Every structure is written in structure tokens, then in C-alpha cells.
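As C-alpha cells, the structure follows; a few thoughts come after it.
The values are calculated or read from the model by the stated rules, or taken from the named source; none is laboratory data. All figures in this text were calculated on a predicted structure; none of them were measured in a lab. Note that we place each Cβ from the backbone using ideal geometry, even for glycine, and neighbour counts take in every protein chain shown. Surface areas here come from the heavy atoms of the whole protein model, side chains and all, with no ligands, DNA or RNA. Shrake-Rupley method; radii C 1.70, N 1.55, O 1.52, S 1.80 Å.
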Amino acid sequence: QVQLAESGGGLVQAGGSLRLSCAASGSIFNAMGWYRQTPGKQRELVATITYGGITNYADSVKGRFTISRDNTKNTVDLLMNTLKPEDTAVYYCNSVPWRDNYWGQGTQVTVSS
């Protein structure tokens, strides 16, 4: 029943930054994550955060991305720094593991060389 809405994507030059936001219509007590999807590639879980705020990152983004959540506001953010062209994808938030009915529209991130 919870709905998720992603925002904040856009077009950015390599080396730039973006902050993605995910707003949930209700409380989610599970761990949350940011996923990215590129046509022809497997969906990749790039960052996770537990309800209590413990984080983990894929090696490909470690040191560049920061995930955070505010459980009072039901939001999950992803700060992306030092963006690379290979970060180009549609980014989605969802619980970890994902729930099929939680997928939102996603937000497109395009990083140019």
C-alpha cells in the first residue's frame, strides 16, 4: 500500500553531483535501498540503509555516494558525488529486499563525458 516517489535526477557533467530524494507515503520499517537500472544490464543495488541508519554501498559507488533516511519524514536520500558516465541509469528506491508493489517511476540520471 505504500507508494514511493523518486525525484532529483537530471543531466550532469562527469565529476558533478546530484541529490536524489525518495518520498514514501507511509512508514517503512525495513531496510531501504537505492537501485539503478540500465537497459541490457542487471538491476544493481547501489546503497542500502537500515531503519536504524546503518549503511552499505556497492564497490562501484563507495566513497562517492551517501545514503540517508529520515524516518519521521519517510524519506530516503542519495547524495551522489564525483559522478561518472557509468552511473547513468534510472534510479529507484525500494525496500531491501525489494517489493514489487513499491517500485515508483524512478528518476533518470545521465552523466555526460
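Beta carbons closer than 7 Å, at least 6 apart along the sequence or on distinct chains, pair a first residue in the stretch 3-21 that is of a type in the set (Asp, Glu) with a second that is part of a loop (DSSP other than H, G, I, E, B) for Glu6/Gly104; Glu6/Gln105; Glu6/Gly106.
Being of a type in the set (Ser, Thr, Tyr) and either modelled with pLDDT under 95 or out of contact with any Leu (no Cβ under 8 Å at 6 or more places or on another chain) (or both) is a property that Thr38 has. Each residue in the stretch 41-56 was checked for being out of contact with any Leu (no Cβ under 9 Å at 6 or more places or on another chain) and within 13 Å of Asp87 (Cβ to Cβ), and 2 of them qualify. Just so you know, in the stretch 9-23 the residues that are out of contact with any Ser or Thr (no Cβ under 7 Å at 6 or more places or on another chain) and aliphatic (A, V, I, L, M) include one that is surrounded by the fewest Cβ atoms within 10 Å (Cβ to Cβ), and it is Val12.
What do you reckon, is Val2 touching a strand residue (DSSP E or B) at 6+ places or on another chain (Cβ under 7 Å), modelled with pLDDT under 95 and not charged (D, E, K, R)? Considered against the rule, which asks whether it is touching a strand residue (DSSP E or B) at 6+ places or on another chain (Cβ under 7 Å), modelled with pLDDT under 95 and not charged (D, E, K, R), Val2 comes out as yes. All told, Arg69 falls short of being charged (D, E, K, R), more than 14 Å from the chain's Cα centre (by Cα) and within 16 Å of Ala5 (Cβ to Cβ).
Looking only at strands (runs of 3 or more DSSP E) that fall completely inside the stretch 25-104, which ones have 1 or more residues that are open to solvent by less than 20 Å² (accessible area, probe 1.4 Å) and in contact (Cβ under 8 Å) with a residue 60 or more places away in the chain?
31-37, 75-80, 89-96
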